[in-house]
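**Student:** The following block contains the structure, expressed as structure tokens.
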Amino acid sequence: MTDTTNAEPAGAVTGGLRTMLRLEGLGLFVGMTLLYGVWDGSWWIYAALFLAPDLSFLGYLFGPRFGALLYNAAHSYMVPMALMTAGFAMTEPLVLSIAIIWLAHIGFDRALGYGLKYANGFGFTHLGRIGKQSNPGINP
């Protein structure tokens, strides 16, 4: 019988590819933060909104499946990229600011090893296990 508490979920990336994805996240964080600075956005708004996607953690109050769904919705590139596109198309600085901050947050999380979640629980991500029960060689 397999011990599922320490097993990697199918699809969790490892090795050099995992490192590349984390560096990609770092690049997104740095790039979006620099773009926000060049865009001359308010750093108060940046600070206030940077952690807003983490409110999706509240989904875990309703179980790991719903928590993962809500977390992944808030930490996927799809919505902020659509917002960024709309912001550029409509020349709406607030929409662009929100998109840039949101993408910076996602990049920051990915750089730290917080990937998209599996329904097994918060610690099971596409970038490997996180938290107390992760394996030393896999922990971000």
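**Student:** Would you check if there is a residue in region 62-78 being in contact with a Phe, Trp or Tyr (Cβ under 6 Å, 6 or more places away or on another chain) and closer than 16 Å to L103 by Cβ?
**Tutor:** no
**Student:** On the given criteria, is T5 modelled with pLDDT of 95 or more and of a type in the set (S, T, N, Q)?
**Tutor:** Details: modelled with pLDDT of 95 or more: no; of a type in the set (S, T, N, Q): yes.
Taking the combined requirement at face value, the residue does not satisfy it.
**Student:** Considering L94, L28, L83, L55, which residue is aliphatic (A, V, I, L, M) and under 24 Å from G11 (Cα atoms)? Reasoning before the result, please.
**Tutor:** Values: L94 fails: under 24 Å from G11 (Cα atoms); L83 fails: under 24 Å from G11 (Cα atoms); L55 fails: under 24 Å from G11 (Cα atoms).
One residue alone meets the criteria, L28.
**Student:** Take S76 and tell me if it is among the hydroxyl-bearing types (S, T, Y) and within 18 Å of the chain's Cα centre (by Cα). Talk me through it step by step, then tell me what you get.
**Tutor:** Details: among the hydroxyl-bearing types (S, T, Y): yes; within 18 Å of the chain's Cα centre (by Cα): yes.
Spelling it out, S76 is indeed among the hydroxyl-bearing types (S, T, Y) and within 18 Å of the chain's Cα centre (by Cα).
**Student:** Additional query: Listed residues A104, A119, A86, A73; which is outside any helix (DSSP H, G or I), among the aliphatic types (A, V, I, L, M) and surrounded by 13 or more Cβ atoms within 10 Å (Cβ to Cβ)? Spell out the reasoning first.
**Tutor:** On the way: A104 fails: outside any helix (DSSP H, G or I); A86 fails: outside any helix (DSSP H, G or I); A73 fails: outside any helix (DSSP H, G or I).
It is A119.
**Student:** Out of everything in region 54-65 that is more than 13 Å from L116 (Cα to Cα) and more than 13 Å from the chain's Cα centre (by Cα), what residue ends up being least open to solvent (accessible area, probe 1.4 Å)? Reasoning before the result, please.
**Tutor:** Of the residues in region 54-65, the ones more than 13 Å from L116 (Cα to Cα) are 55, 58-63.
Subset that is more than 13 Å from the chain's Cα centre (by Cα): 58-63.
Values: L58: 103, G59: 1, Y60: 53, L61: 138, F62: 158, G63: 21 Å².
Here the residue is G59.
**Student:** Residues in region 42-52: is at least one closer than 21 Å to F124 by Cβ and among the small types (G, A, S)?
**Tutor:** Step one: filter region 42-52 for residues closer than 21 Å to F124 by Cβ, giving none.
Among the residues of region 42-52, not one is closer than 21 Å to F124 by Cβ and among the small types (G, A, S), which makes the answer no.
**Student:** Still on this structure, I have one more. Does A10 satisfy being modelled with pLDDT under 95 and hydrophobic (A, V, I, L, M, F, W, C)?
**Tutor:** On the way: modelled with pLDDT under 95: yes; hydrophobic (A, V, I, L, M, F, W, C): yes.
Here the answer is yes, as A10 does meet what is asked.
The values are calculated or read from the model by the stated rules, or taken from the named source; none is laboratory data. Predicted model only: the values in this text are computed from it and were never measured. Reconstructed Cβ throughout: ideal geometry from the backbone, glycine too, with neighbour counts over all protein chains shown. Only protein heavy atoms, including side chains, enter the accessible area calculation; ligands, DNA and RNA are left aside. Shrake-Rupley method; radii C 1.70, N 1.55, O 1.52, S 1.80 Å.
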